[in-house]
Amino acid sequence: MENRNAFSHINEDGSSKMVNVADKKESQRIAKAQAVVVLGEQLIEELKTLEGRTKKGSVFDTARLAGIMGAKNTSDLIPLCHPLFLDGADISLDYWNTDAIRIVATATT
């Protein structure tokens, strides 16, 4: 009987393994992650004053692009992750409070 509390990517001896997904049925999946990045009140105020734009461009647009690129390359960034074809990736950013930005990433496949 399989131990339901066991991690699927770790053998009984504790070594890592890649999970075989050959028999897994195709289905639509949605993954969502959220982070709150604390930058401090002074930096948040500066970003708001500049409307998020610096000499090198929009801070939020750059972060959004980096997030989409990360989603497209997840299997290269996370060990033992299978490559999946993404149907979409969305990154939203907003001012969370006086000293932080909230980032929400959603990927669909």
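The values are calculated or read from the model by the stated rules, or taken from the named source; none is laboratory data. As the structure is a prediction and not an experimental result, all values here were calculated from the model. Please note: Cβ atoms are built from the backbone with ideal geometry, for glycine as well, and neighbour counts cover all protein chains shown. For the accessible areas, the whole protein counts, side chains as well, though only heavy atoms, and no ligand, DNA or RNA atoms are used. Shrake-Rupley method; radii C 1.70, N 1.55, O 1.52, S 1.80 Å.
Note on SER15 and LEU77: the extension gain reaches 20.4 nm, defined as 0.36 nm multiplied by sequence separation minus the Cα-Cα distance.
Taking 7 Å steps out from each Cα toward its Cβ at GLU46 and VAL104 produces label points 2.8 nm apart.
Using a cut-off of 26 Å between Cα atoms, the listed pairs LYS48/LYS72; LYS32/LYS56; LYS17/LYS72 include LYS48/LYS72; LYS32/LYS56 as exceeding that distance. As a rough guide to protection, the peptides 35-43, 97-105, 18-26 ranked by mean Cβ packing within 10 Å, highest first, stand as 97-105, 35-43, 18-26.
In this Cβ point-charge picture (+1 for Lys and Arg, -1 for Asp and Glu), the chain has a dipole of about 220 debye about its Cα centre. 3J(HN,Hα) along the stretch 69-81, derived from phi through the Karplus expression 6.51 cos²θ - 1.76 cosθ + 1.60 where θ = phi - 60°, amounts to 4, x, 4, 5, 10, 4, 5, 7, 9, 10, x, 6, 7 Hz, with x in place of Gly and Pro. Taken per residue, the accessible surface of the chain reaches 83 Å², heavy atoms only and a 1.4 Å probe. Within the set [x] 19, 17, 14; [y] 36, 23, 9; [z] 37, 17, 12, the number that semi-axes √(5λ) of the Cα gyration tensor in Å takes when calculated for this structure is listed as [z]. For the stretch 10-109, the set of chymotrypsin sites (Phe, Trp or Tyr not before Pro) satisfying both a DSSP loop assignment and a count of at most 10 other C-beta atoms within 10 Å is given as PHE85.
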